[in-house]
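Note sheet for the following structure.
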């Protein structure tokens, strides 16, 4: 599983730095998911370091963390560069949005005035085929249907998120969204259920999707 990110346009990141009147900043780069997406890691950190120095910014610290999204890891890693953070006007993170929010959470008591800015856009939870090629296979919607659809998610693989089979826009197993270049999610589900001899599940009527489980401000607490 990889949280898929793409690079923001350089101009957008520079604009954010200018809006906050940033002169000195620390760079925190994700060494796991963003590294796989080539939007972070050691190379991503170096790329931003070199680019920002060229544009006249002062970089106080550059670190690559394996778990930017883990508050416990961030506390330990950011403690190592505490002096540099104190000296900085802001932190730029080459990670997903969750990583940026983890940094905000870790710093909120000691450095609540420090902006945390992002260099990436967070796209989806993806399946890795090879470096540079990822596919959305899960929307983390909170109510998983995989037991009834042969292990293939209809919400992620159907362009329209339909719950009861393909629409009239399916032609020869291809989806009309994207000019018939991608497989219809429900054809994939049908073929998978047929392979495991559970086509009875394909004809089962499913209720309209209850999106309340995908609402805002969710948390899971294990006791």
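Considering region 194-210, and only residues there that are in a helix (DSSP H, G or I) and without any contact (Cβ under 8 Å) to a residue 12 or more places away in the chain, the residue that is farthest from residue 157 (Cα to Cα) turns out to be 200. Of the residues making up region 167-193, just one is in contact (Cβ under 8 Å) with a residue 24 or more places away in the chain and assigned to a loop (DSSP other than H, G, I, E, B), namely 184. The residues on offer are 129, 113, 87, and the sole one that is free of Cβ contacts under 8 Å to residues at least 12 places away in the same chain and either within 27 Å of residue 51 (Cβ to Cβ) or in contact with a helix residue (DSSP H, G or I) (Cβ under 9 Å, 6 or more places away or on another chain) (or both) is 113. Looking across region 141-150, just one residue is in contact (Cβ under 8 Å) with a residue 12 or more places away in the chain and surrounded by fewer than 13 Cβ atoms within 10 Å (Cβ to Cβ), and that is 143. Counting only strands (runs of 3 or more DSSP E) that fall entirely inside region 6-101 and contain at least 3 residues that are assigned by TED's automatic domain parsing to the domain that holds residue 112, in contact with a strand residue (DSSP E or B) (Cβ under 7 Å, 6 or more places away or on another chain) and over 14 Å from residue 117 (Cβ atoms), the qualifying elements are 58-65.
Among the residues of region 105-132, just one is surrounded by fewer than 17 Cβ atoms within 10 Å (Cβ to Cβ) and in a helix (DSSP H, G or I), namely 105. Has region 139-149 got any residue that is more than 27 Å from residue 36 (Cα to Cα), assigned to a loop (DSSP other than H, G, I, E, B) and either modelled with pLDDT of 90 or more or more than 25 Å from the chain's Cα centre (by Cα) (or both)? Taking every residue of region 139-149 in turn, at least one turns out to be more than 27 Å from residue 36 (Cα to Cα), assigned to a loop (DSSP other than H, G, I, E, B) and either modelled with pLDDT of 90 or more or more than 25 Å from the chain's Cα centre (by Cα) (or both). For region 151-161, a residue qualifies if it is in a loop (DSSP other than H, G, I, E, B) and crowded, with 17+ Cβ neighbours inside 10 Å, and the qualifying residues are 152, 153, 158.
The values are calculated or read from the model by the stated rules, or taken from the named source; none is laboratory data. If you're wondering where the values come from, they're calculated on a predicted model, not measured in any experiment. Because the Cβ atoms are built from the backbone with ideal geometry, glycine has one as well, and the counts that use them run over all protein chains shown.
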